[in-house]
1. Could you tell me which numbered condition Thr121 fails, if it satisfies all but one of (1) modelled with pLDDT under 95; (2) among the polar types (S, T, N, Q); (3) under 14 Å from the mean Cα position of the chain (by Cα)?
2. Restricting to the range 110-150, give me the number of residues that are among the acidic types (Asp, Glu) and in contact with a strand residue (DSSP E or B) (Cβ under 7 Å, 6 or more places away or on another chain).
3. Can you give me the number of residues within the range 102-129 that are surrounded by fewer than 16 Cβ atoms within 10 Å (Cβ to Cβ) and of a type in the set (Gly, Ala, Ser)?
4. Inside the range 61-83, can you point out the residues that are within 16 Å of Val129 (Cβ to Cβ) and among the aliphatic types (A, V, I, L, M)?
5. Starting from the range 39-54, take each residue that is under 13 Å from Arg139 (Cα atoms) and list its partners that are hydroxyl-bearing (Ser, Thr, Tyr) and in a helix (DSSP H, G or I), counting only C-beta distances under 9 angstrom and pairs at least six apart or across chains.
Amino acid sequence: MTHTYDYDFATGTLRDEVRGAYSRDGGYSRRDGHSRRDGRSRRETVERLDKLATLLDTALVIPGTNIRFGADALVGLVPGIGDAITTILSAYIVYEAHRLGAPGHLITRMIANVALDSVITAVPIAGSVADVFFRANRRNIRLLRDWFERVG
């Protein structure tokens, strides 16, 4: 068993844990026999990812319209580094889905959404406009939630 310190990005705190063997569901079993991947923590993780996807894709509204956009379209306007930052954040959602145990075909679809979003946003201004309408992160969260509803 190893003693680790785990940073929790959601609360901004360090957690002091004693970890045991790696369990089949993708989490580590603690000494008390409970897995880090119980149903409640999965729901919390999906909710956290949903908030990130909302921030990236639909957090803001163009006044006088129903057109929603997020930080993805705004940060993407920064030449060079903007698209890289938003792609990394989108890839983080896919990584967390993998950690939650999503199957390979679902991860492949999520990666395809992120890749298509990256290709679309490669065009300087038109890419940011198109990014308003192609919401890869919202699509990925919807895929993840649909999979969780099917498997329980």
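1. It is condition (3) that Thr121 fails.
2. Of all residues in the range 110-150, those among the acidic types (Asp, Glu) come to 117, 131, 146, 149.
If we keep only those that are in contact with a strand residue (DSSP E or B) (Cβ under 7 Å, 6 or more places away or on another chain) too, we end up with none.
Residues meeting the conditions: 0.
3. 5
4. Residues satisfying the conditions are Val61, Ile62, Ile67, Ala71, Ala73, Leu74, Val75, Leu77, Val78.
5. These pairs meet every condition: Leu49/Tyr92; Leu52/Tyr92; Ala53/Ser90.
The values are calculated or read from the model by the stated rules, or taken from the named source; none is laboratory data. In this text, all values refer to a predicted model and were calculated from it rather than measured experimentally. Cβ: placed from backbone, ideal geometry, glycine included. Neighbour counts: every protein chain shown.
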